[in-house]
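Since the structure comes first, as structure tokens, the remarks are kept for the end.
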Amino acid sequence: MSTLGEVEEAVKTMINVNSSLSLVLLHCVSNYPAKYEDVNLRAMLTLKEAFKLPVGYSDHTLGIEIAIAAVALGAKVIEKHFTLDRGLPGPDHKASLEPDELKKMVKAIRNVEKALGSGIKKPAQSELKVMKVARRSLVAARDIRAGEVVKESDILIKRPGTGILPKFKEIIIGMRLTRDVKKDNPFDWEDFK
């Protein structure tokens, strides 16, 4: 229920009281339950950028998906109401999770955390075997004997990706083979030494 200026005032007050505090700012919509269209999860990112502090989300929506989305956006803390029975009286119970739902939410959040990864763009270790099968190589279009010069018509691009990459096709055209290469076998740099 606050503006960015009010959050700034609160942060400054906290720091003035104790400058060694470890603060985490939780974005929240104080309705029970909060409507999805009112959530504005991107405001959590605004808080993170404005104050250079860790952020989280205090969730009053129905279900578990908004808390999971908040984690995907970088929430370090999730606050979610918990109840043993949503039918109990009081405003909080309607927007609370029952035990089985809480368990599902925590499991989903842990899966999202794993899936976020390091951010470094590289093949996953589990992809390395698949990469050899899925990628393509330059392969011999016919049986070619040692001493022959490779022509463009001698080259096909096929799986597996265990030989010379297709991007090097122009380089091997005109090169002389130093050993025999059978039809449909991938070319290897050793074939030209």
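Tabulated values for the structure
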quantity	calculated
Filtered residue count, the stretch 65-88, keeping only those that are out of contact with any Asp or Glu (no Cβ under 8 Å at 6 or more places or on another chain), part of a helix (DSSP H, G or I) and among the small types (G, A, S)	2
Residue match in the stretch 132-149 (condition: hydroxyl-bearing (S, T, Y), on the phi < 0 side of the Ramachandran plot and modelled with pLDDT under 95)	no
When residues of the stretch 89-131 are limited to those that are at pLDDT below 90 and assigned to a loop (DSSP other than H, G, I, E, B), the one nearest to P33 (Cα to Cα)	A95
Unmet requirement for L62, which otherwise passes all of (1) of a type outside the set (S, T, Y); (2) at pLDDT below 95; (3) not in a loop (DSSP other than H, G, I, E, B)	(3)
Residue match in the stretch 37-45 (condition: assigned to a loop (DSSP other than H, G, I, E, B) and at pLDDT 95 or above)	yes
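The values are calculated or read from the model by the stated rules, or taken from the named source; none is laboratory data. Only a predicted model underlies this, so the values are computations on that prediction, with no experimental measurement involved. Quick reminder, even Gly has a Cβ in these numbers, built from the backbone with ideal geometry, and neighbours come from all protein chains shown.
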